[in-house]
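The values are calculated or read from the model by the stated rules, or taken from the named source; none is laboratory data. A quick note: this is a predicted structure, and the numbers were derived from the prediction, not measured. Glycine also receives a Cβ, built like all others from the backbone with ideal geometry; neighbour counts cover every protein chain displayed.
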Amino acid sequence: MRSDAYLGHTHTADHSKTLMQDFNHYKLEDFLADSDFCHWVLSPERQRSYSKWSILKEQNPAAGLVMDQAAQLIRYAQTSAAELPQYQVSQQINRILKDARALEPVMALPIVKPLIPWKKLLIAASVLVSAALGWMLYLQNRAFTNQSVYHAYVDDKKQTLLEVVNLAEDLKTFELPDKSKITLYPSSRLSYEKAFGENGNREVYLEGKAFFLVKKDQTHPFLVFANGLLTRVVGTSFHVETTAEGASVKVKTGKVEVIPVEDKNKKELLLLTPNQQAYFSSKENTLQKSIVEQPLAIENKVSKTDFEFINQPMSEVFEKLRRIYGIDIMYDEAVLKDCYVDVTLSNETFFTKLDILCKTIGATYQNADGRITVTSQGCH
Amino acid sequence: MVKSDADLWEEFKNGEWQAFEQLLESYYRPLYQYGRKFTTDDQVKDLIHDLFLHLWDYRSNLPEVNNLKAYLFTSLRNRIFKNQKVEFLVFPGDHFEQSDPSDQQNIERNIIATETSSESQQRVNRIIGSLTRRQQEIIHLKFFQNLSNNEIASVMEISPPAVSNLLYHTLRLFKEKWALILLISLISIDWITST
């Protein structure tokens with residue numbers, strides 16, 4: 001069997017006589033392996049001008065025939081390759097990148113400021129297709145964030161920001177450089193300075209919903225900017241959520257201070273304790289404090305017998321609730337001094353317990369301003 | 001800024017997002033075009049998607065790679081053949097009987113001179129369409145993707161001499177079929193002119 005030693009062998013001779021002698025022995029394989037020949041076949045300009053290949057074709061019809069075969073094979077290889085329009089390539093690449101991000105949404109990426117896509121856009125302007133695509137991506141990116149103040153915060157920052165986006169359908173938890181843990185809800189994003197907490201405060205910017213478990217550090221307050229609401233803590237756990245109308249904060253443990261971003265140097269911060277929440281209305285720039293819908297016990301060691309009351313003074317019962325749920329209950333001690341209850345409670349919610357207790361002594365309560373106020377005529 | 005494949009691969013393994021994007025920009029189209037030699041548009045897109053997600057997911061455990069293009073081609077090829085759901089495109093030549101044409105040199109020359117280029121290109125398409133899948137694959141890798149014989153060897157998972165061998169037989173078959181088709185068209189021309 002003949003070996004393929006010819007393949008990969010290229011001719012560089014330029015003298016026309018030796019050239020013709022050389023190419024007289026050229027076989028199909030040799031033409032195909034000759035990169036200059038391949039280039040000549042695929043270059044219309046070179047085909048039109050005079051070259052060693054056109055001379056060879058004219059002077060040696062036998063070689064010309066083999067050259068035709070080789071040329072057609074080369075052209076076939078080009079034309080038989082499947083076409084894929086550039087927009088489809090970009091679509092597929094974006095699909096891969098999007099799914100890869102969802103695979104690992106806790107990856108913090110540098111934020112591309114709007115200036116940069118514009119620059120990119122100008123550079124790519126000569127290539128119409130990619131320019132159009134860049135614009136589409138830019139708009140897409142804008143659409144994701146444009147209804148919030150988030151973008152304004154991020155654009156304002158001179159420092160490099162890192163951004164974490166949750167494109168998955170479940171919750172994703174990740175750690176900030178200070179070891180604070182963030183649980184990001186689907187379709188939410190959070191960004192922070194690359195040099196996080198290095199100069200003063202630990203600042204983060206949120207769009208969507210997140211649960212924060214902040215590592216205690218008295219010297220570096222942790223600040224969350226969320227759609228006009230500023231939340232300040234030193235070490236605690238709480239939820240923050242942005243909405244179309246504003247933002248809300250729900251405290252799980254510890255103390256949390258909130259204030260509209262606009263008022264941060266003008267007013268006192270509003271203090272929130274566990275099971276309290278604050279609603280911020282961006283339209284009215286107001287903060288409203290209340291008790292969360294489902295208060296949870298803040299003490300870990302709550303036993304069943306904690307809610308078994310046998311002929312117990314009402315004031316002691318309210319004190320116990322206050323201690324377990326961390327919620328202030330205001331009442332007039334003098335009025336309630338003769339009230340005793342015999343009742344066994346267990347897994348009812350905080351508000352159900354409160355309803356039952358108040359009914360047994362014929363009292364009512366108001367839930368306002370983050371605390372409970374009990375009104376009673378006393379017991380006789 | 002164009003990075004070398006070695007740098008690109010290293011950065012990709014370190015989890016650099018930009019390297020991931022650049023890898024896709026550079027290799028998506030060649031991989032698609034190679035994959036389409038075997039299967040349908042949808043399936044190639046899905047397989048390349050899965051391949052890159054797998055690479056990203058396992059990036060810290062990926063091997064050192066000397067030849068990135070050949071590595072990616074091999075990975076895609078393995079996925080194509082591993083995937084039982086892939087409907088292989090039917091190549092008409094998979095059961096083509098080899099013929100033994102005689103020397104038609106002089107006749108060929110006359111015909112060639114009168115042919116238009118699109119006619120001859122159609123003829124080439126027919127000839128290559130009658131080759132086996134492996135023969136078509138090697139033509140694609142060699143003359144479209146411009147891979148070296150060693151790269152083709154690693155992609156197709158055969159030895160370099162086997163690549164030379166396959167290439168030689170493919171080209172010989174190409175020449176033979178070329179001659180055979182010329183003969184047939186000549187006979188029909190004779191028949192037309194004699195009636």
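For the residues A:Thr364, A:Thr375, A:Thr349, the requirement of being in contact (Cβ under 8 Å) with a residue 24 or more places away in the chain, surrounded by fewer than 19 Cβ atoms within 10 Å (Cβ to Cβ) and of a type outside the set (Asp, Glu) singles out A:Thr349.
Among residues of segment A:320-338 that are surrounded by 15 or more Cβ atoms within 10 Å (Cβ to Cβ), those with a Cβ under 9 angstrom from a residue that is in a loop (DSSP other than H, G, I, E, B) and of a type in the set (Asp, Glu), sequence gap 6+ or separate chain, pair up as A:Arg322/A:Asp328; A:Ile324/A:Glu299; A:Tyr325/A:Glu299; A:Gly326/A:Glu299. Looking at segment A:68-92, which of its residues are buried (at least 16 other Cβ atoms within 10 Å of the Cβ), closer than 19 Å to B:Tyr27 by Cβ and more than 7 Å from chain B (Cβ to nearest Cβ)? Listed by number, the list holds a single entry, A:Ser90.
Restricting attention to segment A:238-274, the residues that are closer than 20 Å to A:Arg371 by Cβ, touching a Lys or Arg at 6+ places or on another chain (Cβ under 8 Å) and buried (at least 21 other Cβ atoms within 10 Å of the Cβ) total 5. A:Val233 meets the conditions (1) more than 25 Å from A:Ile298 (Cα to Cα); (2) in contact with an Asp or Glu (Cβ under 8 Å, 6 or more places away or on another chain); (3) at pLDDT 85 or above in every case but one. The failed one is (1).
Which members of segment A:200-255 meet the condition of being part of a strand (DSSP E or B) and in contact with a His (Cβ under 9 Å, 6 or more places away or on another chain)? If the condition is that a residue be part of a strand (DSSP E or B) and in contact with a His (Cβ under 9 Å, 6 or more places away or on another chain), then A:Arg202, A:Glu207, A:Lys209, A:Ala210, A:Phe211, A:Phe212, A:Ser248, A:Val249, A:Lys250, A:Val251, A:Lys252 are the ones that fit.
Considering segment A:41-66, and only residues there that are within 14 Å of chain B (Cβ to nearest Cβ), in a helix (DSSP H, G or I) and not small (Gly, Ala, Ser), the residue that is surrounded by the most Cβ atoms within 10 Å (Cβ to Cβ) turns out to be A:Val41. Condition first: among the acidic types (Asp, Glu), modelled with pLDDT of 90 or more and surrounded by 24 or more Cβ atoms within 10 Å (Cβ to Cβ). Can you find one or more residues in segment A:206-217 that meet it? Among the residues of segment A:206-217, at least one is among the acidic types (Asp, Glu), modelled with pLDDT of 90 or more and surrounded by 24 or more Cβ atoms within 10 Å (Cβ to Cβ), which makes the answer yes. In segment A:93-103, which residue that is over 16 Å from B:Tyr32 (Cβ atoms), of a type outside the set (A, V, I, L, M) and in contact (Cβ under 8 Å) with a residue 24 or more places away in the chain is nearest to the other protein chains (Cβ to nearest Cβ)? Of everything passing the filter in segment A:93-103, A:Arg101 is nearest to the other protein chains (Cβ to nearest Cβ).
At least 3 residues being at the interface with another protein chain (Cβ under 9 Å from one of its Cβ atoms) and within 19 Å of the chain's Cα centre (by Cα) is the threshold, and among the helices (runs of 4 or more DSSP H) wholly inside segment B:1-71 those reaching it are B:17-35, B:41-57. When we screen B:Glu137, B:Glu157 for residues that are crowded, with 20+ Cβ neighbours inside 10 Å and more than 10 Å from every other protein chain (Cβ to nearest Cβ), the only hit is B:Glu137.
Looking only at segment A:154-194, count how many residues are surrounded by fewer than 21 Cβ atoms within 10 Å (Cβ to Cβ) and either in contact with a His (Cβ under 6 Å, 6 or more places away or on another chain) or among the hydroxyl-bearing types (Ser, Thr, Tyr) (or both). Within segment A:154-194, residues that are surrounded by fewer than 21 Cβ atoms within 10 Å (Cβ to Cβ) and either in contact with a His (Cβ under 6 Å, 6 or more places away or on another chain) or among the hydroxyl-bearing types (Ser, Thr, Tyr) (or both) number 5.
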